[in-house]
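Right, one structure below, let's go through it.
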Amino acid sequence: MDGSRITQAPPVLILLGPPGAGKGTQARMLEERFGLVQLSTGDLLRAAVASGSEAGKAAKAVMEAGDLVGDDIVIAILRDRLAQPDCGNGVILDGFPRTTAQAEALDQMLSESGQQIDAAVLLEVDDVKMVVRIAGRFTCGGCGEGYHDTFKTPKVADTCDCCGARKMTRRADDNASTVMSRLDAYHEQTSPLVAYYTDKGALRRVDAMGRIEDIQKAIVTLTERVMP
Ligand code: ADP
Ligand code: ZN
């Protein structure tokens, strides 16, 4: 793969990296900039938990423990979401796939619709720092903008810079002990995907320990190469 596209099918980008690497932040940026749709299985699962659906009930305790939700549940949720019409402009997968079985299921789903993965962007970070990053983060409940106690505080306390809402939320699983389990799950079950996408010629590495804007620039460059 030399970076040029061979199909006219909607682009499919994957963001890979441990919890706290910044997948959500970068996915939101790509969504705005390129009109791609961010598909976060974490967000989809949290919505399922909040709705009290069967899938949500099964996922709740697993997520609180920092373990991975079962492949069948996650694959079904992603398949439904991917079939919705807004995905026709292309998607950024954030938090999926997380296991080899999910990656294989994704390949299968995409081939059914004549699509393929354009790039799997690995956000490379220092694990030890992720604990601090995650324990300090919070999100605007109005628009989804992400903030951090140390690295990115709102201009006016508790008020969103973007939409003005005053309802910041913190995720139940963003505490130090759960973070350790989530990092373990990443190393044991998700990191094999680095080899999986390297073998397919799709892996792209980005140093994700620097400034958000620099990381953004690197990802934009990679994305421009796969946009039709
Ligand atoms: P983070 O990347 O910061 O861990 P996410 O919002 O992506 O956060 O995921 C939160 C939790 O949701 C995970 O710890 C896991 O329990 C569950 N989850 C999300 N995506 C998947 C997936 N693809 N497979 C299994 N579990 C998932
Ligand atoms: Zn907001």
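Here, each number is a calculation from the coordinates, and none is a lab measurement. These figures come from a predicted structure and were not determined experimentally. Neighbour counts are summed over all protein chains in view; Cβ atoms, including those assigned to glycine, are modelled from backbone coordinates with ideal geometry.
Mind ranking 101-114, 27-40 by how tightly packed they are, going by the mean number of other C-beta atoms within 10 angstrom, highest first?
With the highest mean Cβ count within 10 Å placed first, the list reads 27-40, 101-114.
Which FRET efficiency value, to the nearest 0.05, is calculated for residue 209 and residue 47 with the Förster distance at 30 angstrom and r the Cβ-Cβ distance?
0.50
Taking R0 as 22 Å, what FRET efficiency do you get between residue 84 and residue 31 from their Cβ-Cβ distance, rounded to the nearest 0.05?
Once the sixth-power term is evaluated, E becomes 0.90.
Need the full-extension length gain, residue 111 to residue 176, defined as separation in residues times 0.36 nm minus the C-alpha distance. One decimal, nm.
Residue separation times 0.36 nm, minus the Cα-Cα distance, leaves 19.5 nm.
Enumerate the lysines that residue 57 could reach by cross-link, defined here as Cα to Cα under 19 Å, with residues fewer than 8 away along the same chain left out.
none
Compute the relative contact order of region 1-127 as a whole-number percentage, counting only Cα pairs closer than 8 Å that sit 6 or more residues apart in sequence.
48
Pop a pseudo-label 7 angstrom from the Cα along the beta-carbon direction at both residue 199 and residue 187 and give the gap in nm to one decimal.
Distance between label points: 2.3 nm.
Pairs of alpha-carbon atoms within less than 8 angstrom and 6+ residues apart define the contacts here; what relative contact order does the chain have, in percent?
Normalised by residue count, the contact order of the chain is 31 percent.
If you place +1 on the Cβ of every Lys and Arg and -1 on the Cβ of every Asp and Glu, how big does the dipole about the Cα centre of the chain come out, in debye to the nearest 20?
Computed charge dipole of the chain: roughly 600 debye.
Once each part is reduced to its C-alpha centroid, what is the distance from region 101-166 to region 41-89 in angstrom?
Value for the Cα centre distance between the two parts: 16 Å.
Among DSSP beta bridges whose residues both lie in the chain, state the antiparallel percentage, nearest 5.
In the chain, DSSP labels about 25 percent of beta bridges as antiparallel.
If the reach is capped at under 20 angstrom between alpha carbons, list the lysines near residue 152, excluding any in the same chain fewer than eight residues apart.
Hits, sequence-local ones excluded: 23, 129, 167, 217.
What is the set of long-range amide H partners of residue 168 at a cut-off below 5 Å, with H atoms built 1.01 Å from backbone N?
It is 141, by chain and number.
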